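What follows is one structure encoded as structure tokens, with my remarks underneath.
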Amino acid sequence: MAKLYLIPNVLGETPWQQVLPATVPEVVARLSVFYVEDLRNARRFLKKCVPTLEIDALRFYELTKETGEREAAGYLEPLLEGLDAGVISEAGCPGVADPGALMVRLAHQHGIPVVPLVGPSSILLALMASGFSGQHFTFHGYLPVKSAERIRKLLQLERTAATTGETQIFMETPYRNNALVADMLKYGQPGTPLCIAANITTDQEMIHTQSIAAWRKNPPDLNKQPAIFLLGCS
């Protein structure tokens, strides 16, 4: 029976050998069908992992947040014909805050085995390095775009962290990072612990936890930088 492999991608311009196990290129080398979030990114990643790979001989299906379930169901044809396939996210682990989850769900519905491969998750790496509770945490994905709604959500997450001790994890589109940080620093409680993790696993990696009051003294410039944010309890 065919299998659907979940293939982790690098989080930045980091050599894959530093963050991925050798099993990843071994699996990639024997696949000919891929479901990818970004075609150009995926082709470049595959060529770096397996330089001898004949990219033009591969079959790609673009899987984005706009892909509907009916369209994605048509993508199952190679798997149903017995061909193994792989899902590749634009960065990190597919299926987590990622449209690849749709193919995974469809695979389960058709009895197709799903095989996750080990790789970097910015969410878990940030949590590991934050110093916050790893026993109880919630990942909220992207917060509301509109400032007023985003502020209400941030204050809600701050209260939840303070009252339950549960780490609150969220992210933002890189070009809106500074607006998000500005809202947190303006409206958050001074003593609330905030961890900011940016450019994880790259040469520009920055992971730092301190109070909102301390962040106010030296706000970071995170414009167009991939980042994860975590709120803890004081």
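The values are calculated or read from the model by the stated rules, or taken from the named source; none is laboratory data. Quick caveat, the model's predicted, so the values are computed rather than measured. Every residue, glycine as well, gets a Cβ built from its backbone with ideal geometry; the counts of neighbours run over all protein chains shown.
Considering the conditions (1) of a type in the set (Lys, Arg); (2) modelled with pLDDT of 95 or more; (3) farther than 16 Å from PHE34 by Cα, ARG59 is excluded by exactly one of them, (3). Quick one: in region 189-210, which of the residues that are surrounded by 17 or more Cβ atoms within 10 Å (Cβ to Cβ) and of a type in the set (Gly, Ala, Ser) is nearest to SER234 (Cα to Cα)? Only one residue fits best here, namely ALA197. For LEU117, the conditions (1) free of Cβ contacts under 8 Å to residues at least 12 places away in the same chain; (2) in contact with a helix residue (DSSP H, G or I) (Cβ under 9 Å, 6 or more places away or on another chain) are fulfilled apart from (1). All of (1) within 18 Å of the chain's Cα centre (by Cα); (2) surrounded by 15 or more Cβ atoms within 10 Å (Cβ to Cβ); (3) not polar (S, T, N, Q) hold for VAL50 with one exception: (1). Please indicate, with yes or no, whether at least one residue in region 63-85 is of a type in the set (A, V, I, L, M), surrounded by 19 or more Cβ atoms within 10 Å (Cβ to Cβ) and in contact with an Asp or Glu (Cβ under 9 Å, 6 or more places away or on another chain). Within region 63-85, one or more residues are of a type in the set (A, V, I, L, M), surrounded by 19 or more Cβ atoms within 10 Å (Cβ to Cβ) and in contact with an Asp or Glu (Cβ under 9 Å, 6 or more places away or on another chain). Within region 61-93, the set of residues being without any contact (Cβ under 8 Å) to a residue 60 or more places away in the chain and among the polar types (S, T, N, Q) comprises THR64, THR67.
Filtering region 135-149 to residues that are under 14 Å from PHE229 (Cβ atoms), at pLDDT 95 or above and not hydrophobic (A, V, I, L, M, F, W, C) leaves THR138, HIS140. In region 49-60, the residues that are under 23 Å from GLN18 (Cα atoms) reach residues that are in a loop (DSSP other than H, G, I, E, B) with C-beta atoms within less than 9 angstrom, at least six apart or across chains, in these pairs: CYS49/LEU20.
Do we have ALA161 as touching a Cys at 6+ places or on another chain (Cβ under 7 Å), among the aliphatic types (A, V, I, L, M) and within 22 Å of LYS186 (Cα to Cα) here? Answer is yes for this residue.
Does ASP98 satisfy the criteria of being surrounded by fewer than 19 Cβ atoms within 10 Å (Cβ to Cβ), closer than 18 Å to PRO226 by Cβ and touching a residue at least 12 places away in the same chain (Cβ under 8 Å)? Taking the combined requirement at face value, the residue does not satisfy it.
Can you find a residue that is more than 14 Å from ALA162 (Cβ to Cβ) and at pLDDT below 95 anywhere in region 206-218? Before the answer, list the steps.
Restricting attention to region 206-218, the residues satisfying the condition of being more than 14 Å from ALA162 (Cβ to Cβ) are 206-210, 213-218.
Still in the list and also at pLDDT below 95: 218.
Yes, the conditions are met somewhere in region 206-218.
GLY131 satisfies every condition listed in (1) within 29 Å of PRO15 (Cα to Cα); (2) at pLDDT 95 or above; (3) not assigned by TED's automatic domain parsing to the domain that holds ALA197; (4) not hydrophobic (A, V, I, L, M, F, W, C) except (3).
Within region 84-104, can one find any residue that is closer than 28 Å to THR202 by Cβ, assigned by TED's automatic domain parsing to the domain that holds MET184, in a helix (DSSP H, G or I) and modelled with pLDDT of 95 or more?
For region 84-104, residues closer than 28 Å to THR202 by Cβ, assigned by TED's automatic domain parsing to the domain that holds MET184, in a helix (DSSP H, G or I) and modelled with pLDDT of 95 or more: absent.
In this structure, does GLN210 turn out to be part of a loop (DSSP other than H, G, I, E, B) and over 25 Å from ALA91 (Cβ atoms)? Give the steps one after another, and end with the answer.
Numbers: part of a loop (DSSP other than H, G, I, E, B): no; over 25 Å from ALA91 (Cβ atoms): yes.
Taking the combined requirement at face value, the residue does not satisfy it.
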